[in-house]
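The values are calculated or read from the model by the stated rules, or taken from the named source; none is laboratory data. It should be emphasised that the depicted structure is a prediction, and the values quoted were computed from it without experimental measurement. Every residue, glycine as well, gets a Cβ built from its backbone with ideal geometry; the counts of neighbours run over all protein chains shown.
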Amino acid sequence: MIALADCNNFYASCERVFNPKIKNKPVVVLSNNDGCVIARSNEAKALGIKMGEPAFKSRDIFNRNGIHVFSTNFALYGDFSNRVMSILSDSVPSIEIYSIDEAFMDFRGIPNQEAFSIELRKKILKWTGIPVSIGVAPTKTLSKVANSIAKKQRKNGVCTLTNKDETLEYLKLFPVSNLWGVGRQFSRMLENNGIHNAYQLIQKSDRWLQKQMSIVGLKMVKELRGEPCFHMVNGWSRKKSIMTSRTFGHEIDNFKGLAQALSTYASMCAAKLRKEKSCAKNIHIMIFTNPFKQNYRMNYRGSKTIILDTPTNDGLEIVSRCIEALRSIYRPDCIYKRAGVIVSDIVPQSQVQLTFFHQHAHIEKRQKLMTAVDKLNDGYGRMKVRFAINGFEKKWHLRQEKLSPCYTTRISDLLRVKC
Amino acid sequence: MQLKSPKPYLPKIMAGFPSPAEDFTELSISLDQALVKNPPATFMAYAEGDSMINMGIHHGDIVIVDRSLTPREGDVIIAVLQGEFLIKQFSNMGGQIRLIPHNSKYPIIYINEDADFLVWGVVVHSIRSYR
């Protein structure tokens, strides 16, 4: 049996741990740069706030309904993610971290899985303050279904799908658009073919499924029928990282120069990932001043971690995320001596393709581009073909107006408690 | 706070005989390990105010809080009362929860059954800096 643990409204829940006043209040979290809504509490969902809604359009709705708005605080969410994942991995034989807020667990050999899950859920809530839902089923895809039932219909936050007939009843009520990996495109195609729920989908022939939804789609449907096709990947085996870091020949005192250096290291990391046929989920950037030179006023060391929604080895994406992060840690009053990029939380590329097949076409296109870049560079020398990182003159700043303190990662930001 | 244990300190040996001390290498003392028994459930906070001075918690001290613990009689806790965080001593004598300050300037807080109250975590250490 496989269990999927998924944190409920994760970002909003993290904000609430240190802010009990907003316990039953609507909460939204805005994307990097405060662009649009990327997380909502249940109360915000009930008010009709949609994912991806541009923040500037919603300002009135936020104000009118007393919605608490936060900028993304990835340092905080990353720390809570580590806590939850470490509790999970101490509780079961192996886990596969699937995203910042969800992990598959190997439940083989665990007796009374319903009661075990209820206890595990209670433990995580007590220890970290984060509510999770747990879905238990024979396959990964069914555990996703079970998790969704747990989240919506179960007070204790746990749903175990062991009984075959019961599972089929649930599949009849489960819309295809909510299935794992079925994006807008596929769900429209399925709707057009008169397939509205998961039960109707599993009645289709393998040939039809493979033709319409590719081999990955067929596997997903087989999993719905209870046949395991996507296997567990041990979450710890890929806990390695790739680093590129250099001391500059000449010290750099401007953003443009630093951005150029950093983006070079970033594309080198991406190329290494592609060579290994893997993708990374975390990117960490670092910049350093020269500590041995007394005449500089500032000795500064800046760093920032970016956690991606989808693991990638796309140089374009990694470079642009690094530059974005650099903007938030760059200090113009410093002279820089060294910089580096570390990519970590590495997963096999094949797995990313599998689980994100709704973006398959896009990923494939980018991969072709990257393969071409790699080939040219192999032939003509490293970094001969590179990205034109332009547009720095625009001088926009990362807007994070509603950023909560980094309660768990910065000592100056610790919670202050009256006594 | 680290979720992983520190690496042992191993001196670099260039060549020749192995160091006789190598077999006796121990981990350097780690404050993290000494003070944090359960990293995923441990948080830190600053104490602000003087209501706990007679128990040795002063303004500006850092308290280390373990959320996995269930408070026992006499523990110091971080409580949440009507959405506000508080550090007080916990008492539950005869089924009446009380939050006890340790400074005569402050009154004992009695928690009614219908109060908006929860125990956020148990304070296991406090740290004060002297310079």
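Kindly indicate the residue of region A:293-315 that is surrounded by 15 or more Cβ atoms within 10 Å (Cβ to Cβ) and closer than 20 Å to A:ASN73 by Cα and also modelled with the lowest pLDDT among those meeting that condition. Before the answer, list the steps.
So in region A:293-315, the residues surrounded by 15 or more Cβ atoms within 10 Å (Cβ to Cβ) come out as A:296, A:300, A:302, A:304-308, A:311-315.
Still in the running and closer than 20 Å to A:ASN73 by Cα: A:302, A:304-308, A:311.
Details: A:GLY302: 82, A:LYS304: 86, A:THR305: 85, A:ILE306: 87, A:ILE307: 85, A:LEU308: 85, A:PRO311: 86.
Among those that are surrounded by 15 or more Cβ atoms within 10 Å (Cβ to Cβ) and closer than 20 Å to A:ASN73 by Cα, it is A:GLY302.
Within region A:404-419, track down each residue that is among the β-branched types (Val, Ile, Thr), more than 7 Å from chain B (Cβ to nearest Cβ) and either under 22 Å from the mean Cα position of the chain (by Cα) or not in a helix (DSSP H, G or I) (or both).
The first filter runs over region A:404-419 and keeps only residues among the β-branched types (Val, Ile, Thr), leaving A:408-409, A:411, A:417.
With the extra rule that they be more than 7 Å from chain B (Cβ to nearest Cβ), the set shrinks to A:409, A:411.
Residue satisfying the conditions is A:THR409 alone.
Residue by residue through region B:76-97, note down the ones that are within 17 Å of A:LYS418 (Cα to Cα) and surrounded by 15 or more Cβ atoms within 10 Å (Cβ to Cβ). Show your work before the answer.
Here is the first cut: in region B:76-97, the residues within 17 Å of A:LYS418 (Cα to Cα) are B:76-90.
Listed by number, the residues that qualify are B:VAL76, B:ILE77, B:ILE78, B:ALA79, B:VAL80, B:LEU81, B:PHE85, B:LEU86, B:ILE87, B:LYS88, B:GLN89, B:PHE90.
Please go through region A:124-147 and give me each residue that is within 13 Å of chain B (Cβ to nearest Cβ) and either over 19 Å from B:PRO40 (Cβ atoms) or surrounded by fewer than 18 Cβ atoms within 10 Å (Cβ to Cβ) (or both), ordered by number.
A:LEU125, A:LYS126
Of all residues in region A:87-122, count the ones that are closer than 25 Å to A:LYS23 by Cα and either more than 13 Å from the chain's Cα centre (by Cα) or surrounded by fewer than 17 Cβ atoms within 10 Å (Cβ to Cβ) (or both).
8
For B:MET44, are the conditions met, namely being facing another protein chain (nearest Cβ under 10 Å), modelled with pLDDT of 95 or more and in contact with a Pro (Cβ under 7 Å, 6 or more places away or on another chain)?
When the stated conditions are applied, B:MET44 does not pass them.
Yes or no, residue by residue, for (1) modelled with pLDDT of 85 or more; (2) in contact with a strand residue (DSSP E or B) (Cβ under 9 Å, 6 or more places away or on another chain); (3) surrounded by 16 or more Cβ atoms within 10 Å (Cβ to Cβ):
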| site | (1), (2), (3) |
| --- | --- |
| A:TYR170 | yes, yes, yes |
| A:ASN193 | yes, no, no |
| A:LYS204 | yes, no, yes |
| A:MET220 | yes, no, yes |
| A:GLY235 | no, yes, yes |
| A:THR247 | no, yes, no |
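Which one of these does B:GLY49 not meet: (1) at pLDDT 80 or above; (2) under 25 Å from A:PHE80 (Cα atoms)?
(2)
In region A:95-141, how many are hydroxyl-bearing (Ser, Thr, Tyr) and over 13 Å from A:ALA3 (Cα atoms)?
Within region A:95-141, residues that are hydroxyl-bearing (Ser, Thr, Tyr) and over 13 Å from A:ALA3 (Cα atoms) number 2.
Say whether the condition of being within 14 Å of another protein chain (Cβ to nearest Cβ) and more than 26 Å from B:THR42 (Cβ to Cβ) is met by at least one residue in region A:90-104.
Checked region A:90-104: no residue is within 14 Å of another protein chain (Cβ to nearest Cβ) and more than 26 Å from B:THR42 (Cβ to Cβ).
Please list, ordered by residue number, the strands (runs of 3 or more DSSP E) wholly in region B:51-131 having 2 or more residues that are at the interface with another protein chain (Cβ under 10 Å from one of its Cβ atoms).
The strands (runs of 3 or more DSSP E) meeting that bar are B:62-66, B:76-81, B:84-91, B:117-127.
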